[in-house]
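The values are calculated or read from the model by the stated rules, or taken from the named source; none is laboratory data. Owing to the predicted nature of the structure, the values given are computational and were not obtained by experimental measurement. Reconstructed Cβ throughout: ideal geometry from the backbone, glycine too, with neighbour counts over all protein chains shown. Only protein heavy atoms, including side chains, enter the accessible area calculation; ligands, DNA and RNA are left aside. Shrake-Rupley method; radii C 1.70, N 1.55, O 1.52, S 1.80 Å.
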Amino acid sequence: MDVLTELGMVERLLNTVDHEGGPDSLVRPSDLAEWLRAQGLYDGEARVSRTDLTRAVTLREAVRGAVGQPDDEAAAALVEACQPFPLAFGDPATSALVLTPSGAAAQAALGSIVVTIARSHVLGAWDRLKLCPGPSCGWAFVDRSRNRSRRWCEMRSCGNHAKVRAYRAKRRSHAPV
């Protein structure tokens with residue numbers, strides 16, 4: 001799987017909450033189990049604990065803080081949020097030097113998100129994960145444009161609204177007094 005497709009999973013984690021007053025999809029451990037199953041990360045056999053949920057929400061918020069132009073505090077929060085997810089370096093089956101998640105079922109499932117974060121940093125794709133700057137949005141998206149210039153979650157909504165606001169402001173500033 002390519003890194004941009006993998007970043008789509010991180011995008012979906014960020015979008016489990018509407019930061020503009022909407023609902024949070026990860027309220028109960030069963031919500032996390034359902035989300036992990038929907039992402040193909042979890043078979044659902046093992047139990048998801050309240051601790052797993054807390055760690056997932058902490059990871060989500062740390063990733064959100066580290067997207068874009070993070071400061072040292074945001075970067076440190078992301079490193080700290082990744083700590084509970086053990087990773088193995090190397091695949092014994094293939095002798096390949098790769099990061100693989102380990103730990104209990106839900107912990108390993110969330111660890112795969114940590115692996116994606118690390119891979120995207122190493123491969124120079126982390127900056128493709130962005131937050132929409134729309135005044136009432138904040139949705140995460142993966143910028144798949146060739147020159148990495150996408151600004152809005154969707155041009156139809158946030159991008160169009162921003163362009164209309166800019167056009168009207170420009171017209172007002174040039175209006176005769």
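Among the residues that make up the range 94-103, is at least one of them small (Gly, Ala, Ser) and within 18 Å of the chain's Cα centre (by Cα)? Checked against the condition, which is being small (Gly, Ala, Ser) and within 18 Å of the chain's Cα centre (by Cα), the range 94-103 yields no hits at all. Of Trp152, Trp139, Trp126, all but one fail to be modelled with pLDDT of 75 or more and either out of contact with any helix residue (DSSP H, G or I) (no Cβ under 9 Å at 6 or more places or on another chain) or open to solvent by 60 Å² or more (accessible area, probe 1.4 Å) (or both); the exception is Trp139.
Whether any residue in the range 71-80 is without any contact (Cβ under 8 Å) to a residue 40 or more places away in the chain, touching a strand residue (DSSP E or B) at 6+ places or on another chain (Cβ under 7 Å) and more than 27 Å from Glu154 (Cα to Cα) is what I want to check. No, the range 71-80 contains no residue that is without any contact (Cβ under 8 Å) to a residue 40 or more places away in the chain, touching a strand residue (DSSP E or B) at 6+ places or on another chain (Cβ under 7 Å) and more than 27 Å from Glu154 (Cα to Cα). The condition (being in contact (Cβ under 8 Å) with a residue 60 or more places away in the chain, buried (at least 20 other Cβ atoms within 10 Å of the Cβ) and either in a loop (DSSP other than H, G, I, E, B) or hydrophobic (A, V, I, L, M, F, W, C) (or both)) is satisfied by just one residue among Leu4, Leu32, Leu41, Leu59: Leu32.
Val48 meets all of the listed conditions (1) touching a strand residue (DSSP E or B) at 6+ places or on another chain (Cβ under 7 Å); (2) crowded, with 19+ Cβ neighbours inside 10 Å; (3) of a type in the set (A, V, I, L, M, F, W, C) but one, namely (1). Scanning the range 71-79 turns up one or more residues that are closer than 27 Å to Arg146 by Cα, open to solvent by 30 Å² or more (accessible area, probe 1.4 Å) and assigned to a helix (DSSP H, G or I).
Among the numbered conditions (1) hydrophobic (A, V, I, L, M, F, W, C); (2) more than 19 Å from Trp126 (Cα to Cα); (3) in contact (Cβ under 8 Å) with a residue 40 or more places away in the chain, the only one that Val67 does not meet is (2).
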